[in-house]
Amino acid sequence: MRVLVLNGPNLNLLGHREPHLYGSTTLAEIEARLGELAAELGVTIECRQSNHEGVLVDWIHGAKGAFDAILFNAGAYTHTSIALRDALAAVGLPTIEVHLSNVHAREEFRRHSMLAPVCRGVISGFGPLSYLLALRALIDNKRSES
Ligand code: DQA
């Protein structure tokens, strides 16, 4: 199983960005932990980050045939991007929406996700653990299908 791990805008600044909200772990550290878990569980992951919506759309399109599932923290685009939602719906790969913070405990505008309706599920509020839980969920979900 091959999982594409996508991170959207500002997540390259993790570790330094608003640490009271997002903690002190960097994106590179999260990706390293995910890599260890992936190896343990016998799946492969590829991690990418972009601050650009169109680049994320292109990567989602390219995932069809190359990956079996997507783990996605779209950052602020979660709450605004019909283009990312349409891209996920178009490729139809099982996707889990991930957030470090509990978006439901924050500002009103973060409580709505454009992406959640086309995702298998949402994991939000567990810091870097959200990513690890999402990888386990994707694998479990995929294996229970086959
Ligand atoms: C975030 C939550 C979003 O609302 C915010 O715009 C982010 C990070 C999270 O991981 O908690 O950039 O996706």
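The values are calculated or read from the model by the stated rules, or taken from the named source; none is laboratory data. Just so it is clear, the model here is predicted, and its values are computed rather than measured. Neighbour counts run over all protein chains shown; Cβ positions are idealised from the backbone, glycine included. SASA here: full protein model, heavy atoms, side chains in, ligands and nucleic acids out. Shrake-Rupley method; radii C 1.70, N 1.55, O 1.52, S 1.80 Å.
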- Restricting to the range 99-146, what's the tally of residues that are in a loop (DSSP other than H, G, I, E, B) and either touching a residue at least 60 places away in the same chain (Cβ under 8 Å) or not hydrophobic (A, V, I, L, M, F, W, C) (or both)? 13
- Odd one out for residue 41 among (1) on the phi > 0 side of the Ramachandran plot; (2) more than 10 Å from the ligand (Cβ to nearest atom): (1)
- Message: On the basis of being of a type in the set (Ser, Thr, Tyr) and more than 11 Å from the chain's Cα centre (by Cα), does residue 144 make the cut?
- Response: yes
- Can you tell me which residue within the range 86-109, out of those that are under 16 Å from the mean Cα position of the chain (by Cα) and more than 19 Å from residue 54 (Cα to Cα), is most open to solvent (accessible area, probe 1.4 Å)? 102
- Item | The listed residue being closer than 21 Å to residue 139 by Cα and open to solvent by 50 Å² or more (accessible area, probe 1.4 Å), out of 53, 46 | 46
- Pair list, Cβ < 9 Å and 6+ apart or interchain, from the range 1-18 residues that are without any contact (Cβ under 8 Å) to a residue 40 or more places away in the chain to residues that are among the acidic types (Asp, Glu) and open to solvent by 70 Å² or more (accessible area, probe 1.4 Å): 15/29
- Message: Given the criteria open to solvent by less than 20 Å² (accessible area, probe 1.4 Å), under 23 Å from residue 113 (Cβ atoms) and aromatic (Phe, Trp, Tyr), does residue 67 qualify?
- Response: no
- Residue, least open to solvent (accessible area, probe 1.4 Å), within the range 19-33, restricted to residues that are within 14 Å of the ligand (Cβ to nearest atom) and touching a residue at least 40 places away in the same chain (Cβ under 8 Å): 30
- the range 47-74, residues that are of a type outside the set (Gly, Ala, Ser) and over 12 Å from the mean Cα position of the chain (by Cα): 51, 52, 53, 55, 57, 58, 59, 61, 64, 67, 68
